[in-house]
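Contents: one structure, followed by commentary.
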Amino acid sequence: MVPPAPAVRTRFVWSEALLGYDFGPTHPMNPIRLDLTFRLARDLGVLDAPGVEVVGAEPADDEVLVTAHDADYVAAVRRASTTGEPDLDRGLGTDDDPVFPGMHEASARIVDGSVRAADALCAGEIEHAVNIAGGMHHAMADRASGFCVYNDAVVAIRRALDRGAERVAYVDVDAHHGDGVEKAFWDDPRVLTISIHESGHTLFPGTGHPTDVGGPHARGTVVNVALPAHTSDVPWLRAVTTLVGPLLRAFRPDLVVSQHGCDAHGLDPLTNLAVSIDTQRAAAELVHDLAHEVAGGRWLALGGGGYAVAQVVPRVWTHLLAIAAHVPVPRDAPVPEPWREHAAAVFGFPLPERMGDGGAVAARPWAEGYDPADDVDRVVLATRRAVFPWHGLDELYD
Ligand SMILES: [Zn+2]
Ligand SMILES: [Zn+2]
C-alpha cells in the first residue's frame, strides 16, 4: 500500500446531513449526540488543528451497499424508506429500527463517509479518519438490527481489501458485541475482529462468546471478550490492553478499523458496564498508538453506541477526534462554557465541567500475572486460551 505523505493528516467525516439518521424523538440514539460532539470539538479548536480536513458524505450507491448487503435487502430498505411500511422479516419497523422517511439515504450516507475514508487511507492521501456517525456494527447482510441499517464498517473493510490491504484489524470497544462485522468476516483470514463487550448473558445481542473464534479457514481471527455486568475501569482496560496489543502486533494489519461506541460508561442507560470517560479515552489512545506501531498509521475510527447523549458521548468522541488530530485534549481540561450553556439549555440539567471524570488510565500488564479469583481475569484468560495459540502467542506471558 502507498505510504502516507499527507499535508492533510486526518479526515473528520461530518456534515449536518448526517443528523438525518434519526429514528424519532423517543428513540435512544438521538442524533443530537453528533451535533453536540462537533460543537464541543469546535469549541476546543480540534476542528481547526493543522492537517485536519472536515468532509461531508453523500448516500452511497447500491453497488457499494451490496458489498455488505443482499440486493433485495437494499431494495427493501429503499421501499420502506419511501412508503413508510414496515418489513419485519428484514428488521425494518421494529422498536429498535423504526422506519422513517429517508431512512435509505441517511443510512447510505453513513456508509459513504466510511468507505471514502477507506479509499483515502489506502491511497495514502490521509493517515487517520474518524466517522463518528458510523460504526453500525449490528447491521446484517439481510436485515437491520440494533439501531443499525447498513454496516459501514463491513463496507469499508471490504473496500480496503479490494484496494490492496492484505490484512485488516477491527477493534470494537462498544458495550455490545460487534456481531454484524464478526459475521461478515467469520471465515475470512484477512480480517481480525476483536470485540470487547458486556456478556451476551446480560446484554443484546446475546452473542460473542470466547469460544467463537472464526470459521475453518480463519480460526483465531474472531476474538470475543465477554465481560461481566458492572465491569469497571481498570479491569476493562486490562482486558482491552492485554488482548488488543499482542494480537495486533502478531496480526500486522495494513489498516486498523476501530469502533468506539461509548455505551460502556456507567451513565449509559442501555448497558451495565461502568467505564469512565478517561478510560475510554485511554483505549482510543491505545488503538491510535498501535495503528502507528503496526499499520503505518492507517486508522479508521468509527462511532457506534452511546446513549448518555449529553453527559458522555460528546466528551468521549471529542477525545477520539482530538487524538486522531494529534491535539489530544487533557482529561482535566475545562469544558468550554459556551458548550455547557448550549447543552444545558437543550437538556435542562447541568453539564460536566471537565473533559474527564476522574477514571483510571492504566491497568496492570498481563505478564505480571493474573488473578484466578477475579471475574474479569478469568474472562480474559478464556479468550486468550481460545485465540492466542492461533497467532503463536502465549496465553499467559505475551
Ligand atoms: Zn452498543
Ligand atoms: Zn497519529
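Please treat every number below as a calculation from the coordinates, not as lab data. Bear in mind that the values here come from a model prediction, so they are computed numbers and not experimental data. Counting neighbours? That spans all protein chains shown, and the Cβs are built from the backbone with ideal geometry, glycine included.
For the reader, a short list of remarks on this structure follows.
- Highest-fluctuation residue, GLN259, GLN311, GLN280 considered, GNM on the chain with Cα pairs under 10 Å: GLN311
- By average C-beta atoms within 10 angstrom, highest first, the peptides 98-106, 145-153: 145-153, 98-106
- Rg to Rh, two decimals, where the stretch 1-80 supplies the alpha carbon set and Rh follows Kirkwood: 1.07
- Gain in span if fully extended, ASP72 to PHE349, counting 0.36 nm per residue against the direct Cα distance: 95.2 nm
- Among 26-35, 84-93, 155-164, sorting by the average number of other beta carbon atoms lying within 10 angstrom of each residue, highest first, gives 155-164, 26-35, 84-93.
- Between ARG163 and ASP374, the contour length at 0.36 nm per residue exceeds the alpha carbon distance by 71.6 nm.
- Taking the stretch 100-189 and dividing mean pair separation by its residue count, relative contact order in percent (alpha carbons under 8 Å, at least six apart): 29 percent
- Packing-based order for 167-173, 336-342, using average beta carbon neighbours within 10 Å, highest first: 167-173, 336-342
- Gain on full stretching of the segment that runs from ARG219 to ARG42 - 0.36 nm per residue minus C-alpha separation: 59.4 nm
- Residue-averaged [θ]222 nm for the chain, counting only DSSP H segments that reach four residues, each worth -39500 (n - 2.57): -11000 deg cm²/dmol
- Relative contact order for the stretch 264-307: 32 percent, from Cα pairs under 8 Å spaced at least 6 residues apart, divided by residue count.
- Mean separation of Cα contacts under 8 Å (6+ apart) over length of the stretch 10-391, as relative contact order %: 18 percent
- What the Cα atoms of the stretch 10-391 give is an Rg and a Dmax of 19.1, 59 Å.
- Listed by Cβ neighbour count within 10 Å, with the fewest neighbours leading, ARG378, ARG315 appear as ARG378, ARG315.
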